[in-house]
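Below: the structure, in structure tokens.
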Amino acid sequence: MVSIDTARFERRLKQLYEGWREGGLWPEASALAVPAGAVTEAITYTKSASLHLWLLGYEFTETILVFTKSEMHALAGPKKTDILAQLEGPCSAAGVKLVLHPKPKKEDGAAQIAALLDACKASADSPVVGTLPKEKPSGAVPEAWLAALAGSGLSTIDMAPDLAALLGPKDEEEAKNVKKAAYLVSNALTKFAVPQLEGIIDDEKKVRHSKLADKIEEVISEPAKMEIKLKADSVDIAYPPLVQSGGEYDLRLAAGTSKDSYIHYGVIVCHLGARYASYCANVGRTYFVDPSKQQEAQYAALQEAQAAAVAALVEGAPMSAAYEAVVSTLKEKGQDVLVERLGKNVGAAIGLELRDSQQPLSASNSKPVKAGMAFNVSVGVSGLTRQDAADAAGRSYALLLADTVVVKPGGAPPDVATALAPKDWKDVAYFVKDGGEDEVEEVEPEVAVLPEAGMRKSARTENVDFKQREEERRRQKENQEDLLQRVNQATLDMLSKGTTGGAGAGGGARKVSELVAYKNVTDMQHNSSLTVQVDHRAECVLVPIYGMLVPFHILTIKNASNNADGEHAYIRLNFNYGGSYEPCAKFPRSIFVKELSFRSADTRHAAKVVQEIKALRSAVAQRDKERAERATLVQQEKLVRGKGRVYALPDVWIRPAFGGKGRKVTGTLEAHANGFRYTSPKGEELDIMYRNIKHAFFQPADNEMIALVHFHLVNPIMVGKKKTNDVQFYTEVMDSVQTLDAGRRSMYDPDEIEEEQRERERRNQINRQFNHFVKRVQQDIWERDYGDLSLEFEVPFRELGFHGVPHRTNSFIMPTVNCLVELTEMPFTVLTLSEVNLVNLERVGFNLRNFDMVFIWKDLNRDVGRIDSIPSTSLDTIKDWLTSIEIKYYESKVNLNWKNILKSIKEDPEGFIEDGGWSFLDQSQTDSEEEEGEEESDFAPSGGEDGSDEDMSSEEESLASEGEEESEYEAESGEEEGLDWDELEEQAAAEDREKDFSDEDGEEYARKRKAKGGGGGGGGKKARR
């Protein structure tokens, strides 16, 4: 149910009745009737809607409010009257009785309307009803009310003037909403509209007024695009943005939409309005391209006149003073032509209405200005002519300056809420013709190297773009030089502590040498048949050797295969073996069996046995892997269920998903006293403790198919049978599959439009739901009870994002305040920036379309992190971002062998620092590429990693590796066919030749490795696709 702020309602209801009973408002009226119409698509402003918003906080459509001196009546549908029932107590506190008239469904409301008319008639001996005669609300109930009132014989008066007087002065909350709307619209102008115009002017683009206006509307509706932290659901446009040029100007706020014609490089008028929590603000500016001296003089006079109008709006002064100040200032400046073309007013009161027609800033309005009132001071003139215009479109022009101001008490100068939008001449005038302005001549020598045809000079920027870029690069270089000492010291400190990083991972796994199939012979199953058999109970395979069955534990077998040859079948068993195989290291003098082959006349039995071996081996390996993972888990505290209200996020999926068969279903995420609990309808539960959360993220469904909250954990937990450091909860905002039914559909297809509208509404609803959950958890739990953890939901910065390959697929990666993340596709990428020592940008060159990004951690025991195949167009953005967060970076033309580099650094840290530390990565300090290539150093570039045979086999032939290959993120690719000894020898020889080739020609080897999908020194990463 909708919750109305009852305290605010009570306060404002008392204010209404005090003004009515004692303050001189509506002195002749004994009753006030305010009908609200149905919802309309167009943006409209009415006194009835303003009263609803001011009093109730919501606009109750198709609702009639009737006020008498002792009662407040409300006629609406049953649901709305149920909501209004919560106002009974506040009404009593204000000395008013609340009377509700619910209209049953499928009735016309005639009985309820008659009851309202009876209340009006009983309000006085000679009742007079205050109405809003200029408003014609739509809807069956409001229309029936107006008809019944007109036929009742009751006297009426216009209540609009006194209602405007009631709503005019703003309290502190209302003034703050006006200022927030002004802040939003000022930023939309300065951060988006003006840069867009500058780009259009500089590049001489042909852009339509309507297209630019649509883009401005989009950024106003989504303040996050301008990095403005305002609630998106509280923000809206006050009217469609107006961009006008080329001789066609309409300076009214009700001018409609921008024309579909192209922007003309002459005089450009921008008029923008925004609403925050239903309160409006407005700003208007005029921009000039190659203006004349006459236009400069006129603009200067207009600017002074507007400033005089603003200064005249002090408490107690008549509203006409603003108009008189404009006229007198323009005459003093000798601009009688502007006075002649001045409109009937220079603005009006603003607030819940964009323009209050009852309180204009005109010469005839003598109403007093009151403290707290907000005004749109808009001074504009149109129909001006420039005789020396280059074309007919530039001959006629208009001037406009508009700002939102809030009146202060005590006669203090008003507060200009849109002061962030500059309006001085140097900020609005642009010069693109050579020699058009003295200021241009001053900067000409500094940019003389540029082609004359490409010169773009403006009084606003003084053509400092090029110099600013050079200055920015210089500061960036200095900052990077300062960071070198820091990263070298961090490396030395880490190595001096002798940390061992993540050594000993997986210590909970069973040793193969300790495995026992049977403790004694009597435990073996008695089967006289000398065939290959599988004992599931003992987890072993029995094979006949020299007339007797010999058991082998299933974990000693690498793989099994079955090959049919006519009427016979061959069963081949390959056993684990190698230098890193634990039994080989423990019993170096022992002889190990590598392979056994058996010939069977029963092909069905052979196929069945091989299948059973594979299934048993997979099940046992998976069970041991899960057991080993659970052995390394850190014990978590128990969840303490929240008392009272528990914030919940319903209908969300979880990733990684719980195991088990059946259709995946959504569950509910609840925030309790010390952690989150996710519950599915199947009874599955997952607890995430707040103290185990390292980073929390909220990614709304902006340009994405899903809205999500994501937790990156300090210690991993088990989700089903999977060990993970990342848990995500998400909701799909729309179907990811589009039905191809009737071919191409028209953009005017009503079904298509309705479907898009539903998708937008669902997206906004889900974003609001997630945003509310995140905000409540952040403010009411984390900040209050867990301030020591400094937990906060981070939102990725999409404008700083770039494409790359962090794992196997190309993804869109975005930075947050503390991390670099990719949260849409699995496996997730979460890189903590505070753990990064420096970054190396590899394969950077003018002739390459992509480059790689390598993260070297402060803990050198960790393998480097990689993001491959980043488009070169993102290089400058990434450099700027790394500099802004003070992370040192280098560039190289090839991939480096980081395994050997880190090994050498750890072996001799003092020598590494004495030789300059990480400065060996700085290509600018090397004399030539040839000298660098001749040096025999461990830091030499390489296309791949030169691991020994033992390194190659250590993990690939171990059981732990088998478990990793059956990862949650990739499908099992099937058992590898066993290779005989000769084939293995040929494969090893081929790998040796490939390594020798890389030493002779490192760059060519790197190129071939890349062609295969190799990562170039990725510390044992799988090939990327």
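See the values below:
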| quantity | calculated |
| --- | --- |
| Among residues of the range 534-558, those that are part of a strand (DSSP E or B) and among the acidic types (Asp, Glu), counted | 1 |
| Qualifying position, being of a type in the set (Lys, Arg), assigned to a helix (DSSP H, G or I), in contact (Cβ under 8 Å) with a residue 60 or more places away in the chain and open to solvent by 40 Å² or more (accessible area, probe 1.4 Å), among LYS608, LYS614 | LYS614 |
| Candidates ASP749, ASP741, ASP726, ASP735, filtered to the one that is at pLDDT below 85 and within 22 Å of PHE812 (Cβ to Cβ) | ASP735 |
| Extreme residue, farthest from LEU833 (Cα to Cα), among residues of the range 858-870 that are touching a strand residue (DSSP E or B) at 6+ places or on another chain (Cβ under 6 Å) and open to solvent by less than 50 Å² (accessible area, probe 1.4 Å) | SER869 |
| Filter result for the condition that a residue is in a loop (DSSP other than H, G, I, E, B), at pLDDT below 90 and farther than 30 Å from ASN345 by Cα, over LEU230, LEU251 | LEU230 |
| Every residue from the range 198-233 that is open to solvent by 20 Å² or more (accessible area, probe 1.4 Å) and in contact with a helix residue (DSSP H, G or I) (Cβ under 6 Å, 6 or more places away or on another chain) | VAL207, LYS225, LEU230, ASP233 |
| Residue check, PHE598 more than 58 Å from the chain's Cα centre (by Cα), of a type outside the set (Gly, Ala, Ser) and within 17 Å of LYS558 (Cβ to Cβ) | yes |
| Per-region count, the range 632-664, residues within 30 Å of VAL733 (Cβ to Cβ), modelled with pLDDT under 85 and open to solvent by 50 Å² or more (accessible area, probe 1.4 Å) | 6 |
| Index of the failed condition, SER258 passing every other in (1) open to solvent by 40 Å² or more (accessible area, probe 1.4 Å); (2) assigned to a loop (DSSP other than H, G, I, E, B); (3) among the polar types (S, T, N, Q) | (1) |
| Within the range 665-679, considering residues that are part of a loop (DSSP other than H, G, I, E, B) and within 21 Å of MET826 (Cα to Cα), the one modelled with the lowest pLDDT | VAL665 |
| Residue satisfying all of: in the range 48-61; out of contact with any strand residue (DSSP E or B) (no Cβ under 7 Å at 6 or more places or on another chain) and open to solvent by 10 Å² or more (accessible area, probe 1.4 Å); farthest from LEU84 (Cα to Cα) among these | LEU53 |
| Hey, ALA111 closer than 24 Å to ARG11 by Cα, open to solvent by 30 Å² or more (accessible area, probe 1.4 Å) and of a type outside the set (Ser, Thr, Tyr) or not | no |
| Given (1) open to solvent by less than 30 Å² (accessible area, probe 1.4 Å); (2) free of Cβ contacts under 8 Å to residues at least 12 places away in the same chain, index of the condition GLU752 fails | (1) |
| Cβ-Cβ under 7 Å pairs, at least 6 apart or on other chains, the range 285-296 side assigned to a loop (DSSP other than H, G, I, E, B), far side at pLDDT below 95 and of a type in the set (A, V, I, L, M, F, W, C) | ASP290/PHE431; ASP290/VAL432; PRO291/ALA429 |
| Some residue of the range 377-387 being over 16 Å from LEU338 (Cα atoms) and modelled with pLDDT of 95 or more | yes |
| Restricting the range 117-143 to residues that are open to solvent by 30 Å² or more (accessible area, probe 1.4 Å) and within 47 Å of the chain's Cα centre (by Cα), the residue that is farthest from MET159 (Cα to Cα) | ALA140 |
| Members of the range 720-730 that are touching an Asp or Glu at 6+ places or on another chain (Cβ under 9 Å) and open to solvent by less than 20 Å² (accessible area, probe 1.4 Å) | THR724 |
| Any chance ALA402 is within 36 Å of the chain's Cα centre (by Cα), closer than 23 Å to ALA281 by Cα and not in a strand (DSSP E or B) | no |
| Residue list for the range 797-820, filter: more than 14 Å from GLN699 (Cβ to Cβ) and free of Cβ contacts under 8 Å to residues at least 60 places away in the same chain | ASN810 |
| Unique match (being within 50 Å of the chain's Cα centre (by Cα) and either over 30 Å from ASN837 (Cβ atoms) or at pLDDT below 90 (or both)) among GLY501, GLY547, GLY566 | GLY501 |
| Members of the range 898-916 found to be surrounded by 19 or more Cβ atoms within 10 Å (Cβ to Cβ) and more than 16 Å from PHE855 (Cβ to Cβ), listed by number | PHE912 |
| Selection count, the range 1-47, where residues are open to solvent by less than 30 Å² (accessible area, probe 1.4 Å) and not small (Gly, Ala, Ser) | 13 |
| THR68 vs. criteria among the hydroxyl-bearing types (Ser, Thr, Tyr), touching a residue at least 40 places away in the same chain (Cβ under 8 Å) and open to solvent by 10 Å² or more (accessible area, probe 1.4 Å) | no |
| Every pair of residues 6+ apart whose Cβ atoms lie under 8 Å, when the first sits in the range 325-340 and is at positive phi while the second is crowded, with 16+ Cβ neighbours inside 10 Å and assigned to a helix (DSSP H, G or I) | GLY334/ALA301 |
| Exclusive hit being at pLDDT below 50 and not charged (D, E, K, R), set VAL416, VAL449 | VAL449 |
| Residue check, ASP118 among the acidic types (Asp, Glu), over 30 Å from LEU230 (Cβ atoms), assigned to a helix (DSSP H, G or I) and touching a residue at least 40 places away in the same chain (Cβ under 8 Å) | no |
| Pairs with Cβ under 7 Å, 6+ apart, first in the range 821-836 and closer than 11 Å to SER811 by Cα and in contact (Cβ under 8 Å) with a residue 40 or more places away in the chain, second of a type outside the set (A, V, I, L, M, F, W, C) and surrounded by fewer than 16 Cβ atoms within 10 Å (Cβ to Cβ) | MET826/TYR969; PRO827/TYR969 |
| Residue pairs meeting the criteria (Cβ under 7 Å; at least 6 apart or on separate chains; first without any contact (Cβ under 8 Å) to a residue 12 or more places away in the chain, in the range 81-96; second buried (at least 17 other Cβ atoms within 10 Å of the Cβ)) | GLU88/LEU98 |
| Positions within the range 357-383 being hydrophobic (A, V, I, L, M, F, W, C) and either out of contact with any Leu (no Cβ under 9 Å at 6 or more places or on another chain) or part of a loop (DSSP other than H, G, I, E, B) (or both), in sequence order | ALA363, VAL369, ALA371, MET373, ALA374 |
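The values are calculated or read from the model by the stated rules, or taken from the named source; none is laboratory data. Because the structure is a prediction, the values reported are computed rather than measured. For neighbour counting, all protein chains shown are included, and Cβ atoms are generated from backbone atoms with ideal geometry for every residue, glycine included. SASA here: full protein model, heavy atoms, side chains in, ligands and nucleic acids out. Shrake-Rupley method; radii C 1.70, N 1.55, O 1.52, S 1.80 Å.
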